[in-house]
Structure formats: structure tokens, C-alpha cells
Amino acid sequence: FGIEREIARDFTFGLSYVFVRGAHLTTSLDGNLLTPPVSPATGIRDWGPSATNPTGVAYFRDPLLYQDNVYESGANSFFHGLIVESSRRFSRNASMVFNYTFSKAIDETTDYNSDFQPNDQTSRRAERALSSFDQRHKVVLYGMFNTSDAGARAGGARKVISKWVFTPIFRYNSPRPFNLLAGTELNNDRHNTTDRPYFAGRNTGIGPSFWTFDTRVSRRLRFDERRSLELMAEFFNM
């Protein structure tokens, strides 16, 4: 849903809401695992050291089978985004565009690789959390500035500085979440790459913010009405 209005001459403002529902995302889990017992002390599934069978043998359909990784289309994702955008043309040779997105992305899996399987293989819904691609705030500001064509007609030094195009791009992304991992086997499910520290939900780690400034400088040399040559230089992450 969106609305865009010209609130002044050469000045537009837009407001939009975007909802995306993802279904049948490819994921994987171990079909050889049984649901562990519930600990009477904590009221949660007892995967930990106090489990009734610390070796984990009682938690497998076939204890002689190491893993039975099943790949299926059973995960879900949700995205909500509020987008604010405005553009202003100051003159024939200068314009700027501002875009701000406030969003939230939720899913149940990152990828179908076995390293992204659930911490508790028998409870995939417990993996529903912020997506690894979640960016709460995103800002993009860019402009386009042209040197006047008048110098080209005047000749001399003014001709050299005419017909240049300068395009700066500024971008900011807020921190993305990441999954905290223990790096070792904690719950005896024979998956030592998926275990999180106790009581740590999926993607509860918070990464750093990201800022970048890119720019492009170009000039078109026209030989006649049909032939021209454009020279361009681009700079990333200045």
C-alpha cells in the first residue's frame, strides 16, 4: 500500500507499507531424533547434562544411525516494511533522493544447509526469530549533479568543466542479528554445529552497524548526433 504526492514544485513525498509472506522455504532437520523428556525441575525439554540418559541413545529412533537429515519445504518467513521516500529537483542540473525503510524480518530458518538446523530438532517453531537478513533501519541518500552545458558552447576552459555528472550515494544499515553458537555438543543430538548456549534464542546476537559512501563521476563526449563516448570513474566504500 502506498501514496505519493507532489507537495511542492519538483518536490515529491511518498509513504508505503510492504508485507511479504514466505511459505514452503527449504529447510532441513534430523528425522532420527525423538522428543526428549520434560525436566520436572525446569519444565522444559531436558537436553542438558541432567538428562535421564546423558549419552542421548534414548533420543534416537535408530541409535545405530548417526543422522537422518531430511530436506523439505516446511519453513516460513514474514516481512513488514514502512518506506518513506522523498525526491527534490533543485534545478535542471541538481536533484536528490532520500529513502528510509523501517522494517522487521522474521523466519524459521536461514538456509537448508545442515549447519542451520534447529537447536532442538524436534521443535522447529522454537526457531522462529528475527531473520539473519533483518535490518531495522536502512537509509539511502543519493543525488545527481550536472555541470552546465553552457560552458560547452562558450569554449575554452569552461568547455572542459562542462557536461560532467557527479553522483554521490550514502547508505546506512542498522545492525543485523546473528546466531550465537556454543561450538560444541551440548544436547547429545549428534549435531555439534547447531547447539546454542542454554536459554539463548536464535539470532539473539547483534552485529555492528554499516555505513558506506560511494560515488561516480562521468562525462560524455559527443562526436556527432549518432556517436558519443562516456568516460566514467566509480569509487566504492570511500
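Shown in residue order for the stretch 18-24 are the 3J(HN,Hα) couplings computed by the Karplus curve 6.51 cos²θ - 1.76 cosθ + 1.60 at θ = phi - 60°: 10, 10, 10, 10, x, 10, 6 Hz (x for Gly and Pro).
Around the amide H of A75, modelled in the peptide plane, lie the amide H atoms of H24, L25, T27, all under 5 Å away and 5 or more residues distant in sequence or on another chain. The string of couplings for the stretch 137-143 from the Karplus curve (6.51, -1.76, 1.60, θ = phi - 60°) is 10, 9, 10, 10, 10, 9, x Hz, one whole number per residue in order, with x for Gly and Pro. Heavy-atom accessible surface of F13, to the nearest 10 Å², is about 80 Å², with a 1.4 Å probe and all protein chains retained. A 1.4 Å probe, protein heavy atoms only, puts the accessible area of Y100 near 60 Å². S91 contributes an accessible area of around 60 Å² to the protein surface, as traced by a 1.4 Å probe with all chains present.
Rolling a 1.4 Å probe over the protein heavy atoms of the chain, with every protein chain left in place, gives an accessible area that is 58 percent carbon and sulfur.
Loop-located trypsin sites (Lys or Arg not before Pro) in the stretch 67-116 (DSSP state not H, G, I, E or B) with no more than 12 neighbouring Cβ atoms inside 10 Å: R92. Compared with the alpha-carbon gap, the fully stretched path from N192 to R89 is longer by 31.4 nm at 0.36 nm per residue. Put simply, the amide H of N203, placed in the peptide plane, has neighbours under 5 Å in N179, L180, leaving out anything fewer than 5 places away on its chain.
Can you check how the C-alpha radius of gyration of the chain compares to 2.2 N^0.38 Å, as a plain ratio?
1.57
Out of the stretch 175-238, which GluC sites (Glu not before Pro) are coil in DSSP terms and have no more than 16 other C-beta atoms within 10 Å? Could the numbers behind the result be given before it?
On the way: sites: E185, E225, E230, E234; in loops: E185, E225.
For GluC sites (Glu not before Pro) across the stretch 175-238 that sit outside H, G, I, E and B with at most 16 neighbouring Cβ atoms in 10 Å, the list reads E185, E225.
When ligands, DNA and RNA are left out and all protein chains stay put, how many square angstrom of accessible area per residue does the chain have with a 1.4 Å probe? Please list the in-between numbers first.
Numbers: 14980 Å² over 238 residues.
Roughly 63 Å² per residue, with all protein chains present.
Taking Lys and Arg as +1 and Asp and Glu as -1, the other residues whose beta-carbon sits under 15 Å from that of I106 total +4.
The values are calculated or read from the model by the stated rules, or taken from the named source; none is laboratory data. Only a predicted model underlies this, so the values are computations on that prediction, with no experimental measurement involved. Here the Cβ is made from the backbone with ideal geometry for all residues, glycine too, and neighbour counts use every protein chain on show. With ligands, DNA and RNA removed, areas are computed over all heavy atoms of the protein, side chains included. Shrake-Rupley method; radii C 1.70, N 1.55, O 1.52, S 1.80 Å.
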